[in-house]
Each structure stands twice: as C-alpha cells, then as structure tokens.
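Participant: Just passing along the structure, written as structure tokens.
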Amino acid sequence: MDLDALAGCLSSSACLVTQTTSGLIIGMLLFLVAVGLTLIFGVLKVVNFSHGAFYMFGAYFAMTAYQLTGSFALAMLAGAAGTAILGLIFERVFMSRVYGADVLMQLLVCYAFVLIFDDVVRLIWGPEFKSMGMPSAFQVMPLFIAGGVVPPYYLLLIGVALVAAVVLGIGLSRSRIGKVIRAAAQNPGMVSALGINTGLIYGGVFALGGMLAGLAGALAAPVRSLTPGMGFSVLIESFIVTVIGGMGSILGALIGALLLGLIRSFGSLGFPLFTEGLMYLFMVIVLVSKPTGLFGKEAA
C-alpha cells in the first residue's frame, strides 16, 4: 500500500491527466469487448465464454493486415471484419446447436473453443510474443495537457470507442433492426411467428459482438504485446464490467468499463499489489448494494 503516491498523484495535474488517460484507455478497450458480451447475452441468453478469443483474433488479424499493406485503416477493418465473419460462422455451426441447453453445456463448448482458438493462433502465428508497432501516422510528438502526456493514438482509441457506443445506442433504440433485435431478446417466439428469421438475427448479433471484440483487439495491437491466450484476462475483466454495469445494458457496460479502468489506473499507484483485488472488491460492493448491477433490470 502506497497512499502517499496516490495522494501525490491526485494533487498533481500532470499525474492526474496521465493516469486518467491511462484509465480511459483501459476502460474503452474493456467496453468494446464487454458490450459485445452483454449484447450476445441480452439477445441470445448465452454466456459466451469464448468471447476473449475474438479480441485475440482481432489483434492478430490487424497485425497481419498491417504487415501486408502498411495501412492502419485496413488493419482496423481486417480486425473488425475478420472477427465478425468468424463470429457468424462460430454461431451458425456450433453455438446455435446448444441454444436452450444446460448452461454447463454452453460453457463447456465455449471453453473448448477457447483452447482450440489459442492453439490455432500458435499454429499460424507461433507461440512467441509479437508486436504490431505504432503506425507511422501516430509516431508524432505527444500532446501536453495540464502538464500530462497524452499520445495522439490514445485520443483516436477513445474516440472510436465513444463513436461505437453512440452508434450502438442509437441503432438499438431507434432503428427498425434495433427494435427487431430488442423484440427478439424479449419474445423470440412472437418475432418468429411474425415471419422474421430469428436465426438470422442471432447470427447477426453474434457477428456484431465478435466484431466489437475484434475491433478492441485491433485497437490494442499497437500498444499491447500479442500472444496466444491474450484474450482470457480481457474476458475475465469484461465479465466484471457486465456484472457491475448490469447484464444486457450498453450504458452499464460503458460506465462499468470506465470505472474499472480508472480503478486499475489509480489503484496501481496506491495499491500496487492489490490492483486486481480492488476490481473484485468493487464488483462485490456493487452486487451487495444492487444485485442486478448499476443499470440492470429486475427479471420480470
């Protein structure tokens, strides 16, 4: 415990800006993964334990595309589109067969593919750590805000995640397809009776969730090391986010991810040996005070 370091940071504008920016980066990456997780659960009622693998594939797809083309934009597109296609195939071929099955069966199927996907990455890209490197467009002088150092790439990452949050929120609440998705989440039988292909909806939602996780991986690739199994730790933290924010809530995923990111960032200063413990402690406090999460709804 080092409360003096934490107090010193809170009293310094430079440290405050730097740590807050770091917390926002962690939070925004977690949001993109967690919102796909909570979207899949909200519509399909499946806890996708293999979701972290899509984050991992997104990072590797982006790195490969960047090495082949030198284009950061194409790398982001490859990471997002590649995992969307992978998610659609995974849902149609495997997950669609365990809908309505025992939760343990669903978890076993997902966990099996966590191991399979990790080995696939080892076979294709090798077991060693890899790095995509920062794109040349962002190898520029950092911004100085109140004495704190903010790399320009961080602003892009935060901006992309915020745009994704706004588009998702508006799309699900106001668009026709968003209303159909929400209807399918509430009463899939009625939606099917109206002649709407619920299988197509489920596949699309799973692909969207995979795409968001892949986008997070692609955005993380320039600033994180790539290694097989890198999605597991992100998956656990994403589960914490969805529990804190409330399963099925996009706003809850955003708020929960930001809170968790800030806890990790500032907690690493004051409680360097208990940072992960702080996250779980915060989750327990939220669940004790509000079992459905901050924005979760009581089951009807």
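The values are calculated or read from the model by the stated rules, or taken from the named source; none is laboratory data. Values in this document were obtained by computation on a predicted structure and should not be read as measured data. All Cβ positions, even for glycine, are placed from backbone atoms using ideal geometry, and neighbour counts span all protein chains on display. For accessibility, only protein heavy atoms count, side chains too; no ligands or nucleic acids. Shrake-Rupley method; radii C 1.70, N 1.55, O 1.52, S 1.80 Å.
Participant: Connecting C-alpha atoms closer than 10 Å in a GNM of the chain, tell me which of ILE158, ILE285, ILE40 has the biggest fluctuation.
Facilitator: For the chain, modelled as a Gaussian network with Cα springs under 10 Å, the answer is ILE285.
Participant: For the range 7-127, report the accessible area per residue in Å² (1.4 Å probe, heavy atoms, rounded to an integer). Let's see the in-between values first.
Facilitator: On the way: 4910 Å² over 121 residues.
Dividing the accessible area of the range 7-127 by its residue count gives 41 Å².
Participant: Given a Förster distance of 25 Å, report the FRET efficiency between LEU281 and LEU251 from their Cβ-Cβ distance, rounded to the nearest 0.05. Mind dumping the intermediate values first?
Facilitator: Values: r = 23 Å, r/R0 = 0.92.
The formula returns an efficiency of 0.60 here.
Participant: So, one more: Got the relative contact order for the chain handy, in percent, Cα pairs under 8 Å and 6 or more residues apart?
Facilitator: On the way: 491 pairs, mean separation 117.0, N = 300.
Worked out over the chain, it gives 39 percent.
Participant: Compute, for the chain, the length of the dipole vector about the Cα centre, with Cβ point charges of +1 (Lys, Arg) and -1 (Asp, Glu) only. Units Debye, rounded to 20. Present the calculation step by step, with values, prior to reporting the outcome.
Facilitator: Details: 13 positive and 10 negative charges, 176 e Å.
With only Lys, Arg, Asp and Glu charged at Cβ, the dipole is about 840 debye.
Participant: Would you calculate a helix-derived [θ] at 222 nm for the chain, using -39,500 (n - 2.57) for each DSSP H run of n ≥ 4 and dividing by the full residue count, to the nearest 500? Present the calculation step by step, with values, prior to reporting the outcome.
Facilitator: Values: 12 runs with 218 residues, N = 300.
Result for the chain: -24500 deg cm²/dmol, rounded to the nearest 500.
Participant: Hey, could you get me the Stokes-Einstein D for the chain, Kirkwood radius over alpha-carbon pairs, 4 °C and 1.567 mPa s, rounded to whole µm² s⁻¹? List each step's numbers first, then the result.
Facilitator: Numbers: Rh = 19.9 Å.
Estimated diffusion coefficient is 65 µm²/s.
Participant: Out of the total accessible area of the range 118-161 (probe 1.4 Å, heavy atoms of protein only), what percent is carbon and sulfur? Don't skip to the answer; put the middle values down first.
Facilitator: Details: 1780 of 2600 Å².
That fraction is 69 percent.
Participant: Just to verify a number: what accessible area does LYS290 come out at with the full protein assembly present, 1.4 Å probe, Å² rounded to tens?
Facilitator: Answer for LYS290: close to 70 Å² accessible.
Participant: Let me ask another. Could you compute Rg(Cα) / (2.2 N^0.38 Å) for the range 142-202, with N its residue count?
Facilitator: Values: Rg = 19.3 Å, N = 61, 2.2 N^0.38 = 10.5 Å.
Relative to the 2.2 N^0.38 Å estimate, the range 142-202 comes out at 1.84.
Participant: In Å and on Cα atoms, what radius of gyration and Dmax does the range 181-300 show?
Facilitator: 17.4, 57
Participant: Let me ask something else about it. Extension gain ALA137-SER225, at 0.36 nm per residue separation less the Cα-Cα distance, in nm?
Facilitator: Values: separation 88, 0.36 × 88 = 31.68 nm, distance 1.96 nm.
Full extension of this stretch gives 29.7 nm more.
Participant: Right, next: GNM, the chain, Cα, under 10 Å: largest mean-square fluctuation among VAL109, VAL140, VAL150?
Facilitator: Highest fluctuation of the listed residues: VAL140.
Participant: Farthest toward the dipole's positive end in the range 118-194, which of ALA183, PHE129, GLY159, given Cβ charges of +1 (Lys, Arg) and -1 (Asp, Glu) about the Cα centre?
Facilitator: The Cα lying farthest towards the positive end belongs to ALA183.
Participant: While we're here: Starting from the 7 Å offset along Cα-to-Cβ, what nm value, one decimal, do you get for the label separation of LEU104 and ALA14?
Facilitator: 5.8
Participant: So if a site counts as exposed when it's one of the GluC sites (Glu not before Pro), its DSSP state isn't H, G, I, E or B, and it has at most 16 other Cβ atoms within 10 Å, what's the longest stretch of the chain without one?
Facilitator: Details: sites that count: GLU128, GLU298.
In the chain, the maximal stretch lacking such sites is 129-297.
Participant: Using the Cα centre of the chain as origin and beta-carbon charges of +1 (Lys, Arg) and -1 (Asp, Glu), tell me which of TYR280, ALA253, LEU226 is placed farthest towards the positive end of the dipole.
Facilitator: ALA253
Participant: What share of all Cα pairs of the range 97-247, in percent, falls into each consecutive 5 Å distance bin?
Facilitator: The calculated distribution, bin by bin, is 2, 7, 10, 16, 17, 15, 14, 9, 6, 3, 1, 0, 0.
Participant: To the nearest 10 Å², what's ARG182's accessible area with a 1.4 Å probe?
Facilitator: Counting only protein heavy atoms, the figure is 110 Å².
Participant: At 1.4 Å probe size, with no ligands or nucleic acids counted, give the accessible surface of SER289 in Å², nearest ten.
Facilitator: 90
Participant: GNM on the chain, C-alpha springs below 10 Å: top fluctuator among PHE282, PHE239, PHE41?
Facilitator: PHE282
Participant: With every protein chain left in place, what is the accessible area per residue of the range 148-300 in square angstrom, probe 1.4 Å? List each step's numbers first, then the result.
Facilitator: Numbers: 7030 Å² over 153 residues.
Roughly 46 Å² per residue, with all protein chains present.
Participant: Using a 1.4 Å probe over the heavy atoms of the protein chains, calculate the carbon and sulfur portion of the accessible area of the range 10-111 as a whole percent.
Facilitator: Working: 2850 of 3880 Å².
On the range 10-111, the fraction of accessible area on carbon and sulfur atoms equals 74 percent.
Participant: Using a cut-off of 27 Å between alpha-carbon atoms, which lysines can reach LYS45, once sequence neighbours fewer than 8 places away in the same chain are excluded?
Facilitator: LYS179, LYS290, LYS297
Participant: Moving on to the next point. Using a 1.4 angstrom probe on heavy atoms only, work out the carbon and sulfur share of the accessible area of the range 184-224 in %. If you can, show how the numbers build up before the last one.
Facilitator: Values: 970 of 1580 Å².
Carbon with sulfur: 62 percent of the solvent-accessible area.
Participant: In addition: Relative contact order of the range 153-288: what whole-number percent is it, with Cα pairs under 8 angstrom and at least 6 residues apart? The partial results should precede the final answer.
Facilitator: Values: 63 pairs, mean separation 18.7, N = 136.
In percent, rounded to a whole number, it is 14.
Participant: Can you pull the three principal axis extents for the Cα set of the range 31-137, in Å, largest first?
Facilitator: The principal-axis extents, from largest down, are 48, 27, 22 Å.
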